[in-house]
Amino acid sequence: QVLAGVYPISQLQEPYTAVGYLGSRLALPPLLQLRPPNGPAWTAWDLCEAWAEQRGYRTARAARSDVHRAANALLRSAAEGRLRLCLRPPGFTEHRGE
């Protein structure tokens, strides 16, 4: 619903699930030129942390990477069309057997 523009991104309490969904459907690390994570595979948190470091998003008090702001920025990019996400309707097939 968030990526379709039905639910407002600013109302999300936990945006990492939506970022994980986006990351599972798009090759975000090479697309956004993100540095590799410490672990074996990219997680939604890793994507947000790498994007925060690349963009310079920092928290005010502790000066840590602001992953929540990065998650919102990634979701806004997808909602605005800067990151292209195409979803087929349920039951859609490319080749019709008719």
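The values are calculated or read from the model by the stated rules, or taken from the named source; none is laboratory data. All of these numbers come straight from a predicted model, not from anything done at the bench. We place every Cβ from the backbone using ideal geometry, glycine too, and count neighbours over all the protein chains shown. Side chains are part of the model used for accessible areas, which takes the heavy atoms of the whole protein and leaves out ligands, DNA and RNA. Shrake-Rupley method; radii C 1.70, N 1.55, O 1.52, S 1.80 Å.
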Original post:
Can you pull out the residues in segment 45-72 that are in contact with a Ser or Thr (Cβ under 7 Å, 6 or more places away or on another chain) and crowded, with 17+ Cβ neighbours inside 10 Å?
Top reply: 49, 52, 57, 66
Original post:
Are any residues in segment 6-40 of a type outside the set (Phe, Trp, Tyr), farther than 25 Å from residue 63 by Cβ and open to solvent by 60 Å² or more (accessible area, probe 1.4 Å), and if so, which ones?
Top reply: 6, 8, 11, 17, 24, 25, 27, 30, 31, 40
